[in-house]
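Worksheet: the structure to be examined is printed underneath.
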Amino acid sequence: MKRAVLVILCVIAVPVFAVSATTKISVAKSSSAAVTTLGAPPLYPGSVRDLAVESETLTYLFANGHELGTSRTVISTAAIVYVTGDAPESVFAFYTKKLGAVPGDQVDKSKPRSWSQATGLKPGDTKQPAAWINTHQYATAAKKAMLAKSGRPKLATGEWLEHSTIDWAVVEEDGTQTEYFLYVWDKSFNDEGTAYKQKSVICVETNHFKAYVDPEAGKAAAEKAKAEKAAATMDIGVPIFPGSVYMKDISSAKQYIFDSEEDAAKAADFYRGQEGFKKMMEMPGVYIFKGPSCMVQVQSAPVPGVETRIVIMKQ
């Protein structure tokens, strides 16, 4: 799901809520439920839920929404809104610290942040929270005067926060993915921008998706399953180690090659237990057996990416 690209401390952030026309109603209903999914942020101290502001915020998010990508299937979505009289800079600092968020223009390679990378994470892994900020630097002179008079804390850049977003994601134990967006907005000005009363809005958006399957990975898995099934039903007059994959491209009429993700010792035990098979040689990572009208070699890690290779040579 694409979001507006926000440049730290300089570009206005426009949050986007990705829903389809048929999803909007369910989202509005689900927003009344507490966000309890793994990875949800803590409640800001003293903040309260405001249904009127929530309704206004949801309408705004929907108005700026895009269709969900075809690569992921949504299970549920929710958006909950809280308000506080504290300065947005203080609220943002609280969540940045609690979530361990890094500036949005930085990438920690050990913690993938983009969904194209995050789809390869294992269950329980988390995408590094990224913080995106824009400020009141383009505010009118009148607004800046009111901000200065308010006594609000400033950001490290010497400016006041207008909008901010912290986004992160987790891969659940069942393989599903939950994507979070936490928005902190300054709502201290009236609609005309002529009056000021300190107020911050906190919106927690949660999108829960079915486990993502990369098209290429899915294709490879299907091909592997097909090869395993073919190997299980092959009749070459020699027992085939269960679960191994027939490597047709490097095999021949007299030499059948199979790869397995199991340990070589386990494959060796399989052939050691077959009737009529006798161990001819054993050394670290290599086992050779003589069977009825065949020779079988079991080798550990013969090439990068292959755990065990089994070569059956017919005589």
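The values are calculated or read from the model by the stated rules, or taken from the named source; none is laboratory data. All of these numbers come straight from a predicted model, not from anything done at the bench. So basically every Cβ, Gly included, is an ideal-geometry build from the backbone, and we count neighbours across all protein chains shown.
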Open item on the list: So for region 132-152 (the condition being aliphatic (A, V, I, L, M), farther than 17 Å from residue 40 by Cβ, buried (at least 23 other Cβ atoms within 10 Å of the Cβ) and more than 18 Å from the chain's Cα centre (by Cα)), does at least one residue qualify?
Closed with: yes
Open item on the list: I'm checking my understanding of the structure. Among residues of region 289-312 that are surrounded by fewer than 18 Cβ atoms within 10 Å (Cβ to Cβ) and hydrophobic (A, V, I, L, M, F, W, C), which one is farthest from the chain's Cα centre (by Cα)?
Closed with: 295
- [ ] Could you grab me the full set of residues in region 114-131 that are buried (at least 18 other Cβ atoms within 10 Å of the Cβ) and either of a type in the set (D, E, K, R) or at pLDDT 95 or above (or both)?
- [x] 127
Task: Verdict on residue 291 being on the phi > 0 side of the Ramachandran plot and touching a residue at least 24 places away in the same chain (Cβ under 8 Å) - done: no
Open item on the list: Just to check your reading of the model, which residue among 220, 253 is at pLDDT below 90, surrounded by fewer than 18 Cβ atoms within 10 Å (Cβ to Cβ), hydrophobic (A, V, I, L, M, F, W, C) and under 39 Å from the mean Cα position of the chain (by Cα)?
Closed with: 220
Task: Among (1) closer than 12 Å to residue 312 by Cβ; (2) modelled with pLDDT under 95 - the single one residue 277 does not satisfy - done: (2)
- [ ] Please state which of the following conditions residue 171 fails to meet, knowing it meets all the rest: (1) of a type outside the set (Phe, Trp, Tyr); (2) within 28 Å of the chain's Cα centre (by Cα); (3) surrounded by fewer than 16 Cβ atoms within 10 Å (Cβ to Cβ).
- [x] (3)
Open item on the list: If I go through region 24-59 residue by residue, how many of them are in a helix (DSSP H, G or I) and either among the aromatic types (Phe, Trp, Tyr) or modelled with pLDDT under 50 (or both)?
Closed with: 7
TODO: Select from region 280-315 the residues that are of a type in the set (Phe, Trp, Tyr) and in contact with a Ser or Thr (Cβ under 6 Å, 6 or more places away or on another chain) and list them in ascending order.
DONE: none
